[in-house]
Amino acid sequence: MSASAPARHDGPPADYLSESTVKSWLLTVDHKRIGILYLISVTTFFFVGGVIAGLMRLELMTPRGDVLGSADTYNRMFTMHGVIMIFFFLVPAIPAVLGNFLLPIMIGARDLAFPKINLMSWYVYMIGGLMGVYILLHGGIDTGWTFYTPFSSMYSNTQVVTAALAVFITGFSSILTGLNFVVTVHTMRAPGMTWFRMPLFVWSHYATALIMVLGTPVLAISVVLVGLERFFGVGVFDPKLGGDPILFQHLFWFYSHPAVYIMVLPGFAVVSEIIPCFARRPIFGYRFVAFASVAIAIFGFLVWGHHMFVSGQSMYAGAVFSILSFLVAIPSAIKVFNWTATLYKGSIKFDTPMLYALGFMGLFTIGGLTGLMLASLAIDVHVHDTYFIVAHFHYIMVGGTVMAYLGGIHFWWPKMTGRMYSDLWGKLSALLVFVGFNLTFFPQFLLGYLGMPRRYFEYRPEFQVLNVMSTAGATVLAVGMVVPVIYLLLSLRGPKNAGPNPWNATGLEWQIESPPTTHNFHEPVLVTCEPYLYSPEEAEREYAHAQHDHVA
Amino acid sequence: MHTPSTTTSPESGRQLLLHHFDDLEQQHLSSNLGMWFFLVSEVMFFSGLIAAYTVYRAWSPEAFHLASRHMDKWLGFFNTWVLLTSSLTMALAVRCSQVGDRRGIVRNLFLTLVFGTAFLGVKATEYRTEINHNLFPGKHFIVPGSPEDPHAHAAEGSHEGGEGHEGAAAHASDYERLREASTVDGKLDEEKFSRNKGHFQLMFVLYFFMTGVHAFHMIAGLALVALFIVLTQIKWFSGYGQTQIEVLGLYWHFVDVVWVFLYPLLYLIE
C-alpha cells in the first residue's frame, strides 16, 4: 500500500495532540481525539468493573459467605460487574477507541463521515456511564446483567429502571458509532482503496458496525418494555395477565447474542493486523477472513435461542438453534486457521503485541470450542447456569476481547502517542495476563462441570481448592492489568521516539507521522496495492544482516 | 447532519463543503446514507414490537379481535390520509430545495407542519376517548362489560331482557365474549379466561406503546420541520439546504411508512 510521503514543511507540523486545553478536548470533532476520550473512559470503567470482580473473587475464596456480608450484596456485585464490563467496557472498547482512531486513517480519510455525531456518541456514552456510576453508588441492581423478567419487572427492589435507562442511552452511543463506521467505509475510502484493498481491521469493524445498527434497537425496546412493566404493571411479561416472560429473553438475546460478536469481531480486527506484521507474511486467505467477519455478523443474528435451551423453548426450536450455533463456528474457525496459516513459514518476532495476539488465538480457540459444547443440547442442559458458562464466556470476552484490546493498545500506542514503551515490561505483563487469566478461569470450567452453579455467594466445601486457585489467578491477572497502565503512562514522559513506523508495518496509518497531524494526511492519498505486503524472506535477510553486523 | 454555522453566499445555491469531504457529491451521499442506516436501525426498533404483537395475536386472536374493535378505523383512515398528504408536501419541499425555490421550501414545510400537527391532534382525541373508557392499560384498565365497569349496566339490561342467544351474542359485551371464548365444554376455564382478559389488555398495551412511540417520532420530526422553516427563512443553510432537507424528508417519510404498517395492524385486521 502506498501513500504519499509526508510533505516537508518548514518546522514540524502540528500533531493532533498539540492543543491541550480542556475545551479543545471536550469540543473536539477529531476522530483521534475522540478515540483518546473513549480510551480514558472505557479504561476507567474497566478498572471499576475489575475492582468489583476482585471483591467477588475475594468472597469466593471460602465456601461460607464472609467478605461481602450478605447474598444480596453479592448479587448486586455480579450484576454491576456484568453491566459495567459489557455495556461500558466490552461493547465500546475496541471500536470506539482503536476503531475511532484508526478506521479513517486506514482507508485514507481525513475523518469519519460525521465528526459531530462521533463526539455526540461519546457524550451519550458518558451520560449512560454516569448513570451507571449513580446506580453503583445507590445500591446497585441485583437482576444479573441480563435483566431477566419476571424478577426484574415484578420483584427486584433495586435500581432496575435507572439501569434500563442507562443501557438504553448507552445503546444509542453504540448505534451512532456503528452508523458512522458503516457510512465512512461506504463513502470515505480514498481513491484506489477498493473493498478488497481494505485492511481486515476495517472489514471486521464494518461487520461490527452492522450488528450495532441492527441489534442495539432491539435491546433498547426490550429494556423499555421492562421499564413500562415496572411502572404500569401492564403484563407484557407477566403470565398472570397473559404475558410471557420468555418474550423478554427472546428480545434480549436477539441483541445480546449478536452483541457477543460486537465485542469479539473488533478483537479479530486487531489480531488480523498484528499477526501478519510480526510474522512478516501477507495474511493467508484475505477474502476468507474478510467474508468470515460478515458471515459471523449474519449468523450471529440467528442463534439467540441457544441461551434458552432450558427456558421452556420448544424442543424443535432448540434443535434448530443448536445447529445454527454450530454454524457460527465455521467462520470463526476460518479465521483462526487463516491466522495459523499466516504464521506458517513466517519470520516470527515475539514483540509485546504479538504475545497478546498469540494469547488471543489460544484462548479464543478454547472459548470457541467450549462454546460448541454448550451449543449441543444435551451438554448444555447439564452445565447450564454453572461456572462452565462463566468460564466459557470469560475465555471469549477476556481471553478474546481484552487480550486483543491490550494487544491493539500496545501495537498502536507508538502511533497514538509517538512514544515507545518498555518492551521488557510489556512482555512481562503480557505473560502475567496470560498466566493469570488461565489460572483464574480454567478452574471454573472444572467447577462448572462438577456442578457449582453460578451467581451464588456460598458453595460446597469440596469446591474450595479450585476456587482458591481461581482467586489467586485473579490476583495475578489484576497485577498484569495494572502494570501496563503504569509503564504506558510513564512512556508519556519520554521524548517522541517512536518514529512513524516502529514495527515496519504496512498500512496507511504507518506512513504518516506518529502522532498523526490533525488532518491525518498532507496530500491526497492514492492506494495502488493490496494490504499486508510483507516478505518473510526479506525479514530473514535483514535479520541475518543484523546478526552479521552484531558479530562483526 | 452537517449544518455549517456560517453561510457562504447563500444566493449562489452552492453548499459549503466540509473539510473532511473531497466533494459535494461525497458529502451529500454520506448524509443520505447515514440517514438510511439510521432508519434501518429504527426499523429494528419497531420490528421488536411488531414481533411481540404477532406472537400475542397468534396466541389469542379472539381477544385481539375484540380489542381492535375499539379503535376508530375512520379516524385512523383520516389520519392516514393526513399523514400521506404531509409526505407529499415534504416531497415538494425537497423538490423546491433542489430547484432553489426558498419560498416554496418554507411553504411546503409549513404545510407539512400543519398536517403533522393535525395528525397528532386527531391521535390525542382518540387517546382521550380510550382513556375515558378505561382502556388505558394499568391499574385503571377495565374490560368493557365486566362487573367493575361503570358503563356496563346497559349491556346487562339488554341481557336480562330475555333475547335469543343470537341477539345476545351480537350485543354481548367484550367481557361476555371473552368469557365465552374461554369456555370449554360448557365449563369456564378460569385460567384461560384470565389469560384472555390479559391479552385483551395487552392489545391496548401494544396499541398505546406503538402509536405512542410513533407519536414521539412525529413530535421529533415536527420540531425539526419547525426548526428548518426558521433556518431556511434566515438563510442559515449554505445553498438551499438541499442535503439537510432531503435527509429530513427521508426521516419524515419513514415515520409515515411506520404508520402505514401500524394502521392495518392495529385498526383494520379483523
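Here are a few things to note about the model shown:
- Note on the stretch B:50-84: among residues that are of a type in the set (D, E, K, R) and outside any loop (DSSP other than H, G, I, E, B), the one that is surrounded by the most Cβ atoms within 10 Å (Cβ to Cβ) is B:57.
- Note on the stretch B:32-53: residues that are within 7 Å of chain A (Cβ to nearest Cβ), of a type in the set (Phe, Trp, Tyr) and closer than 16 Å to residue A:254 by Cα amount to 1.
- Scanning the stretch A:528-550 turns up no residue that is under 20 Å from residue B:20 (Cα atoms), more than 26 Å from the chain's Cα centre (by Cα) and crowded, with 18+ Cβ neighbours inside 10 Å.
- When each of A:284, A:232, A:299 is tested for being surrounded by fewer than 23 Cβ atoms within 10 Å (Cβ to Cβ), free of Cβ contacts under 8 Å to residues at least 40 places away in the same chain and away from chain B (no Cβ under 11 Å), the lone residue that passes is A:299.
- Residue match in the stretch B:211-222 (condition: at pLDDT 95 or above, within 13 Å of chain A (Cβ to nearest Cβ) and within 16 Å of residue B:35 (Cβ to Cβ)): yes
- Looking only at the stretch B:212-239, residues that are outside any helix (DSSP H, G or I) and touching a residue at least 40 places away in the same chain (Cβ under 8 Å) come to 5 in all.
- Selection within the stretch A:241-255 - free of Cβ contacts under 8 Å to residues at least 60 places away in the same chain, more than 7 Å from every other protein chain (Cβ to nearest Cβ) and more than 12 Å from residue B:56 (Cβ to Cβ): A:250, A:253, A:254, A:255
- Single condition residue B:113 does not satisfy, out of (1) at pLDDT 90 or above; (2) closer than 30 Å to residue B:198 by Cα; (3) away from chain A (no Cβ under 14 Å): (2)
- Residue within the stretch A:76-95 that is touching a helix residue (DSSP H, G or I) at 6+ places or on another chain (Cβ under 7 Å), buried (at least 21 other Cβ atoms within 10 Å of the Cβ) and part of a loop (DSSP other than H, G, I, E, B) present: no
- The set of residues from the stretch B:173-210 being away from chain A (no Cβ under 14 Å) and either surrounded by 20 or more Cβ atoms within 10 Å (Cβ to Cβ) or part of a helix (DSSP H, G or I) (or both) comprises B:173, B:174, B:175, B:176, B:177, B:179, B:180.
- Selection of the stretch A:319-360 for residues being assigned to a helix (DSSP H, G or I) and either within 18 Å of residue A:480 (Cβ to Cβ) or touching a Pro at 6+ places or on another chain (Cβ under 8 Å) (or both) yields A:342, A:352, A:353, A:354, A:355, A:356, A:357, A:358, A:359, A:360.
- Residue in the stretch A:484-492 that is within 25 Å of residue A:39 (Cβ to Cβ) and in a loop (DSSP other than H, G, I, E, B) present: yes
- Residues of the stretch A:374-392 that turn out to be within 14 Å of residue A:328 (Cβ to Cβ) and either surrounded by fewer than 20 Cβ atoms within 10 Å (Cβ to Cβ) or of a type in the set (S, T, N, Q) (or both), as a count: 1
- Filtered residue count, the stretch A:139-180, keeping only those that are closer than 25 Å to residue A:68 by Cα, of a type in the set (Phe, Trp, Tyr) and over 19 Å from the mean Cα position of the chain (by Cα): 4
- Condition check for residue A:311: in a helix (DSSP H, G or I), out of contact with any Cys (no Cβ under 6 Å at 6 or more places or on another chain) and of a type in the set (Ser, Thr, Tyr): no
- The condition of being in a helix (DSSP H, G or I), modelled with pLDDT of 95 or more and polar (S, T, N, Q) holds for only one of B:87, B:47, that being B:87.
- Restricting attention to the stretch A:172-194, the residues being in contact (Cβ under 8 Å) with a residue 60 or more places away in the chain, part of a helix (DSSP H, G or I) and either of a type in the set (Ser, Thr, Tyr) or surrounded by fewer than 24 Cβ atoms within 10 Å (Cβ to Cβ) (or both) number 5.
The values are calculated or read from the model by the stated rules, or taken from the named source; none is laboratory data. Fair warning: this is a prediction, and the values are worked out from it, not measured in the lab. Ideal geometry is used to build each Cβ from the backbone, glycine not excepted, and the neighbour counts take in all protein chains shown.
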